[in-house]
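Data block below; observations after.
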Amino acid sequence: MIIYWELFSVFFKIGLFSFGGGLAMIAFIQQEIISRGWLTPAEFAQIATISQMTPGPVAVNAATFVGARVCDSSALASFTGSLVATLGVSLPSFILVLLIADSLKRFSSSPVVKSVVLGIRPAVIGFLLSAVVVFLKLALFPLLPNSTFSKFNPFGLFLVCFLFYLHYYRKVSPIPLILLAGLLGFFFY
């Protein structure tokens, strides 16, 4: 029972104090989950990757997968852990929207509100850059199974650069790029 309360409170805190959407929350989720020993960095990397590939918000998907993984002693415990973590990360946004939805129209043109939003933007970019660094480290220095060290992965660097080029300069949709990366990973890893 304690693990459910802890899952809820951790994900509620993540949902309450994270701005910028799911990708900006990834570094915050990673810090909270790994510091508690719930997952190893390699396990979190798998969950973060799956969370991005499955439909829906990244943070909600990550919370669902982490809740299931932390409470995986039985199907019921796994389901309950998923539900509790998902509610924890989603509830703060729901409550905030209920509280400010009515007054948002009245205050959206306020200089104070505009200043607050402008002040939050750099923080969101910082969170996004933090997520980029986390994923670059995982792509370029993957943790080896049953090992405490990692080694540089030149193929990962090639893949990052190649997929960035295809997406940014050639405007290839992310869906075929994800499929291509999965296929290349299957054959080369």
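The values are calculated or read from the model by the stated rules, or taken from the named source; none is laboratory data. Not measured: the values here are computed from a predicted model. Cβ coordinates were reconstructed from backbone atoms using ideal geometry, including for glycine residues, and neighbour counts include every protein chain displayed.
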Quick check on my filter: what residues within segment 1-33 are part of a helix (DSSP H, G or I), of a type in the set (A, V, I, L, M, F, W, C), within 13 Å of the chain's Cα centre (by Cα) and farther than 22 Å from Gly182 by Cα? Phe11, Ile14, Ala24, Met25, Ala27, Phe28, Ile29, Ile33
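Among the hydrophobic types (A, V, I, L, M, F, W, C), closer than 28 Å to Glu32 by Cβ and not assigned by TED's automatic domain parsing to the domain that holds Val58: is that true of Val116 in this structure? Outline the logic, then answer.
Working: among the hydrophobic types (A, V, I, L, M, F, W, C): yes; closer than 28 Å to Glu32 by Cβ: yes; not assigned by TED's automatic domain parsing to the domain that holds Val58: no.
Judged against the criteria, Val116 is not a match.
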Members of segment 6-43 that are free of Cβ contacts under 8 Å to residues at least 60 places away in the same chain, out of contact with any Leu (no Cβ under 9 Å at 6 or more places or on another chain) and among the aromatic types (Phe, Trp, Tyr): Phe17
With the condition kept exactly as written, say whether any residue in segment 21-29 is farther than 25 Å from Met1 by Cβ and either aromatic (Phe, Trp, Tyr) or not assigned by TED's automatic domain parsing to the domain that holds Leu118 (or both). yes
Considering only segment 32-54, state which residues are modelled with pLDDT of 90 or more and over 23 Å from Ser74 (Cα atoms). Glu32, Ser35
What do you reckon, is Val113 more than 15 Å from Val10 (Cα to Cα) and touching a helix residue (DSSP H, G or I) at 6+ places or on another chain (Cβ under 6 Å)? yes
Kindly indicate whether Ser82 is touching an Asp or Glu at 6+ places or on another chain (Cβ under 7 Å) and buried (at least 16 other Cβ atoms within 10 Å of the Cβ). no
For Glu6, state whether it is touching a helix residue (DSSP H, G or I) at 6+ places or on another chain (Cβ under 8 Å) and either in the same structural domain as Ser90 (by TED's automatic domain parsing) or acidic (Asp, Glu) (or both). no
